[in-house]
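The values are calculated or read from the model by the stated rules, or taken from the named source; none is laboratory data. If you're wondering where the values come from, they're calculated on a predicted model, not measured in any experiment. Cβ placement follows ideal geometry from the backbone for every residue including glycine, while neighbour counts extend to all protein chains displayed. Surface accessibility is based on the protein's heavy atoms, side chains included, excluding ligands, DNA and RNA. Shrake-Rupley method; radii C 1.70, N 1.55, O 1.52, S 1.80 Å.
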Amino acid sequence: MAITRQLYQLQELDLEIEQEEQSLNQKTSQLGVRDVLDKAQNRLDSEQKRLDELRHQHRDAEGEVDDLLSKISAIEEQLYGGKISNPKELSGLQHEVASMKAKSDQQENKALEIIDQVEAAEASLTTATDEHRKLEKEWHRQQQQLSDEIEQLKKSLADLNEKRRQLAGQIDSPTLKLYEKIRQQKKPAVAKVEQGICRACRISLSASALQKARSGQPVQCGSCGRILYIS
Ligand SMILES: [Zn+2]
């Protein structure tokens, strides 16, 4: 096989290896990245915290109502127990009971309002929990898929590298070095020739360059320096 043809095949292998390595790196970098899950967990935590706070507020409001009610019944016992006969004292206690009842009603309304908020927060927490569960399931599925793809890429890369090793072994060392040197500076290192023109730089080639390229011997484009390949 002509050396330039082997070089061109080597270039195609190198391109394939490069793409697969890139893909492998990209997939490997995604492995174990939990950003989406962490975000959902944070939301879950804050929903839970809000619910806890509201329940606490509700307990406080109910506690205050209970306090007031027991104070009211203690005063009412005094009022109707018949032990107090002083009208001024009685009227004072009646006022106190009335104001405590108003306060107790107010607290009870507040507790009811908080109950509404507790229910809304519970619903919101349920939604967040469901969402988190779904995300977690999907995340594990994606991670498994990533692992599988990474394994496949590693195998495929091992095959490609072995093919490359064999092909490179058939090419003489100076030509291989020339190919590697050009490749470090510009890609592709091997340019196809079409109608006497280097396809990489679009310059017409000299008759002698064309003749050498046709024979399959490595010759560089006089303009861009790439190795010319006529298929
Ligand atoms: Zn050229």
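Could you tell me which of the residues A102, A123, A111 is more than 30 Å from L13 (Cβ to Cβ), in contact (Cβ under 8 Å) with a residue 12 or more places away in the chain and among the aliphatic types (A, V, I, L, M)?
Working: A102 fails: in contact (Cβ under 8 Å) with a residue 12 or more places away in the chain; A123 fails: in contact (Cβ under 8 Å) with a residue 12 or more places away in the chain.
It is A111.
Kindly check whether there is at least one residue in region 129-150 that is more than 30 Å from Q41 (Cα to Cα) and touching a residue at least 24 places away in the same chain (Cβ under 8 Å).
Keep residues of region 129-150 that are more than 30 Å from Q41 (Cα to Cα), which gives none.
No: region 129-150 contains no residue that is more than 30 Å from Q41 (Cα to Cα) and touching a residue at least 24 places away in the same chain (Cβ under 8 Å).
Among the residues of region 171-206, write down those that are hydrophobic (A, V, I, L, M, F, W, C) and either part of a loop (DSSP other than H, G, I, E, B) or at pLDDT below 95 (or both).
First, pick out the residues of region 171-206 that are hydrophobic (A, V, I, L, M, F, W, C): 171, 176, 178, 182, 189-191, 193, 197-198, 200-201, 203, 205.
Of everything in region 171-206, those that are hydrophobic (A, V, I, L, M, F, W, C) and either part of a loop (DSSP other than H, G, I, E, B) or at pLDDT below 95 (or both) turn out to be I171, A189, A200, C201, I203, L205.
What residue, among those in region 210-231 that are open to solvent by 20 Å² or more (accessible area, probe 1.4 Å) and farther than 20 Å from Q6 by Cα, is nearest to the ligand (Cβ to nearest atom)?
S223
Out of all the residues in region 156-170, is one or more farther than 17 Å from Y8 by Cα, modelled with pLDDT of 95 or more and assigned to a strand (DSSP E or B)?
No, region 156-170 contains no residue that is farther than 17 Å from Y8 by Cα, modelled with pLDDT of 95 or more and assigned to a strand (DSSP E or B).
Kindly evaluate K134 against the criterion of being farther than 30 Å from D14 by Cβ and either surrounded by 15 or more Cβ atoms within 10 Å (Cβ to Cβ) or of a type in the set (D, E, K, R) (or both).
Here the answer is yes, as K134 does meet what is asked.
Here are some conditions: (1) in contact with a helix residue (DSSP H, G or I) (Cβ under 9 Å, 6 or more places away or on another chain); (2) assigned to a helix (DSSP H, G or I). S29 meets all but one. Which one does it not meet?
(1)
Restricting to region 181-209, name every residue that is surrounded by 18 or more Cβ atoms within 10 Å (Cβ to Cβ) and either in contact (Cβ under 8 Å) with a residue 24 or more places away in the chain or more than 11 Å from the ligand (Cβ to nearest atom) (or both).
Passing the criteria: I182, P188, A189, V190, A191, V193, C198, A200.
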